[in-house]
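Following: one structure in structure tokens, then a few remarks.
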Amino acid sequence: MTPTQTRAADVIEVSPMASAADARAFKDLNMEWIEAIFAVEPADLATLDHPERIVAGGGEVLIARIDGVPVGCAALVQEHPGVFELSKMAVSPRFQGRGIGRVVLAAAIERVRALGAREFFLASNARLAPAVHLYESMGFVHVPASELPPSPYDRADVFMRYPL
């Protein structure tokens, strides 16, 4: 994927998970925000401890870096052929406010299109207002939970779909 300039000093590179270090960064970035705001749920650990299963299932894990340092991530989980969930999107609190989330989300949208998605959805939480606003600003629309596959997360109370 192509680097994206967000500020004079920040070049954000987004690429697929390619190593055990990337898998660890994916878990660490997510655990940092989950533990700060919510309780870790079994579904979190099932995904974060085994991100290779996402790839084996036809999805992808994206890692964002600045100067080689992992600063953000997202998973594109294929639920069924052509149906993807945006999952485990995170930006390190130390790097928030630099447009990393927007870059990661744009890369995720581009990538699911390339993977042949016909549906792209997410489940989030209203307490994550900046994230929900980002999703809205990038074109996700709110839908009833009943229109999406069931979420394994007790904390999920915001459900959105991206029109492809």
Asp28 passes all but one of the listed conditions (1) more than 23 Å from Arg155 (Cα to Cα); (2) at pLDDT 95 or above; (3) not β-branched (Val, Ile, Thr); the exception is number (1)
Pick from segment 47-63, criterion aliphatic (A, V, I, L, M) and touching a residue at least 40 places away in the same chain (Cβ under 8 Å), ranking: surrounded by the fewest Cβ atoms within 10 Å (Cβ to Cβ): Leu48
In segment 16-42, what residues are open to solvent by less than 20 Å² (accessible area, probe 1.4 Å) and small (Gly, Ala, Ser)? Ala25
If Pro70 passes every condition in (1) open to solvent by less than 40 Å² (accessible area, probe 1.4 Å); (2) not in a loop (DSSP other than H, G, I, E, B) but one, which one does it miss? (1)
Residues being assigned to a loop (DSSP other than H, G, I, E, B), more than 22 Å from Ala56 (Cα to Cα) and either open to solvent by 30 Å² or more (accessible area, probe 1.4 Å) or not polar (S, T, N, Q) (or both) - total across segment 115-134: 3
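For residues that are part of a loop (DSSP other than H, G, I, E, B) and out of contact with any helix residue (DSSP H, G or I) (no Cβ under 9 Å at 6 or more places or on another chain), scanning just segment 39-58, find the one that is nearest to Arg113 (Cα to Cα).
Out of the qualifying residues, it is Gly58.
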Among the listed residues Arg98, Arg102, identify the single one that is open to solvent by 50 Å² or more (accessible area, probe 1.4 Å) and modelled with pLDDT under 95. Arg98
Looking at Ala106, Ala117, which is the one that is under 15 Å from the mean Cα position of the chain (by Cα) and aliphatic (A, V, I, L, M)? Ala106
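The values are calculated or read from the model by the stated rules, or taken from the named source; none is laboratory data. This structure is a prediction, so every number in the text was calculated from the model and none was measured. Every residue, glycine as well, gets a Cβ built from its backbone with ideal geometry; the counts of neighbours run over all protein chains shown. All accessible areas refer to the heavy atoms of the entire protein, side chains included, with ligands and DNA or RNA removed. Shrake-Rupley method; radii C 1.70, N 1.55, O 1.52, S 1.80 Å.
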